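Participant: Sending over a structure as C-alpha cells; questions will come in a sec.
We did not get these values from a lab; they are worked out from the coordinates using the rules stated. Predicted model only: the values in this text are computed from it and were never measured. Cβ placement follows ideal geometry from the backbone for every residue including glycine, while neighbour counts extend to all protein chains displayed.
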Amino acid sequence: MNPAIPSEDVVRALLDPSQPSHDPSVALLQVALSGFGFNFYDARNQARANDLLVRERVSNLLADAAARIRTLEARYRERSIPAATREEPFPPADALRRAKALHELTARLDAAGSEIVTLEAPGADPIWSRVRDELPTLHRLFAFDVGLATAATALYERADALTAEAVDLDGAFDAFASDFEVLRKALVERRALLSGSGPALPRS
C-alpha cells in the first residue's frame, strides 16, 4: 500500500472532523485541513461561501452596468453637446442636465457594487452560532442575496439596452430610479436580518 495515499477510514475521518479520531496523526490532519477550527465541509461555511460568491457576482454586474453608462455618457456628450461657437457659446441646458445625470448614474452603480461586495456577513465563530440559529439564517441571507442579484440584473439589462440616441432619456432615468429602489429595499431587509429586526424574511 502506498503510504502517501490515506486509507478509507482516514479519508472518512478527514472529511468529517466532527468525529474526533483516536489516531494522533489523523487528529492533527483534521485540525490542519479544517483551518485550525474552520470546517470547509460544514454546511454553514458552504452557505457563507455562497453568500460571498453571489455578492461578488452582483458587484461585478453593477460594475459592468456602470462601464456601459460611462461609455454612453461619452457618446451622448459627443452627440448632443456641440463645441461652443460665437453664436451659441453655451451648450443646451437639457443636454448638460442629461449628461450630468448619466455621470451620476455611473457613480451610483459603482457605489452600489462596492457596498454590496463589502456587506456584513455572520461571523464564523461558536458564540454567534450558539446565539443565533446560524444555518437557517444563512439560508435566508442567501434569499436576500438572490433579491440583490435580481435587482442588479434589471439595472444591468437597462444599462445595456440604453443608447445615446434614446428619445426618452428622462423616462429611462425614472426606470433606473425604480430599480435602485428595489435594490435599496433588498439591502435594508438584508441588514435587518443580521440585526434581528425588520420585515418578515423570505422563505426558500
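Participant: Quick one: divide the alpha-carbon radius of gyration of region 76-115 by 2.2 N^0.38 Å and tell me what you get.
Facilitator: Computed over Cα atoms of region 76-115, the ratio equals 1.52.
Participant: Between Asp168 and Arg184, with labels modelled 7 Å along Cα→Cβ, what's the label distance in nm to one decimal, could you check?
Facilitator: 2.2
Participant: So for Val146, Val167, fewest C-beta neighbours within 10 Å to most, what's the order?
Facilitator: Ranked by crowding around the Cβ, least crowded first: Val167, Val146.
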